[in-house]
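Down below is the structure, laid out as structure tokens.
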Amino acid sequence: MVRIACIGAAIVLTASAVSAQAPPAPPPTTIPMAVQRAYATLKTNLTQAAEKMPEADYGFKPSSMPEMRVYGALFAHIAQSQFGTCAAVNGVPNPVVGRQLEVELTTKAAIVSALAESFALCDTAYASLTDANVSELVTQGRGQIARAAILANNNSHDNEMAGTAYVYLRAKGLVPPSTENAAAARGGGGGGRGRGAGAPPPGR
């Protein structure tokens, strides 16, 4: 009987020790947190993608279709869209209203600069999102949309454009930033050219 009691006590003590060592559960992810984290990741990936392609390839597109944008125009388009969206969220005039950045901006330096400026405007817009105002209506064009929704829509558009840009990078033998950053987070490093982390060998 004494032996059984000792075994039971040992089990209880072991369970208590394991419980004490378990890391605390992370705090719940709120809507603002989710939207802001997604934006931060996209900002990093798109900024790095714009920088990564050489100037000489900013006029490249992996197709002969006339409606397909060249690489530089992808990022001019992102900037144009973000200026409009984030100006609306911030309640300020769109700084590029009436302009066509895809046509005007022809150099890598000008496009990268416009992209950075659009992200600076969006930094303020995303920082303004709180639990209290996620459903607050923002005027966009002639309609209105919830603050969280317009910012989530911007993330969706940025994500779509990032995926498109990665095709161009791969066509030039460059590893997309998202692949490199994920590999670096796992401790695997990342290369500027060639296959991404975990990609199969050539021919497979």
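The values are calculated or read from the model by the stated rules, or taken from the named source; none is laboratory data. None of these values were measured; they are calculated from a predicted model. Glycine also receives a Cβ, built like all others from the backbone with ideal geometry; neighbour counts cover every protein chain displayed. Side chains are part of the model used for accessible areas, which takes the heavy atoms of the whole protein and leaves out ligands, DNA and RNA. Shrake-Rupley method; radii C 1.70, N 1.55, O 1.52, S 1.80 Å.
Listed values, structure above:
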read-out	value
Helices (runs of 4 or more DSSP H) contained in the stretch 93-204 and holding at least 1 residues modelled with pLDDT under 95 and either open to solvent by less than 70 Å² (accessible area, probe 1.4 Å) or of a type outside the set (A, V, I, L, M, F, W, C) (or both)	177-185
Some residue of the stretch 101-114 being among the charged types (D, E, K, R) and closer than 25 Å to Gly173 by Cβ	yes
Meets criteria (without any contact (Cβ under 8 Å) to a residue 12 or more places away in the chain and over 23 Å from Asn181 (Cα atoms)) for Ala76	no
The one condition in (1) within 14 Å of the chain's Cα centre (by Cα); (2) open to solvent by 60 Å² or more (accessible area, probe 1.4 Å) that Ser64 fails to fulfil	(1)
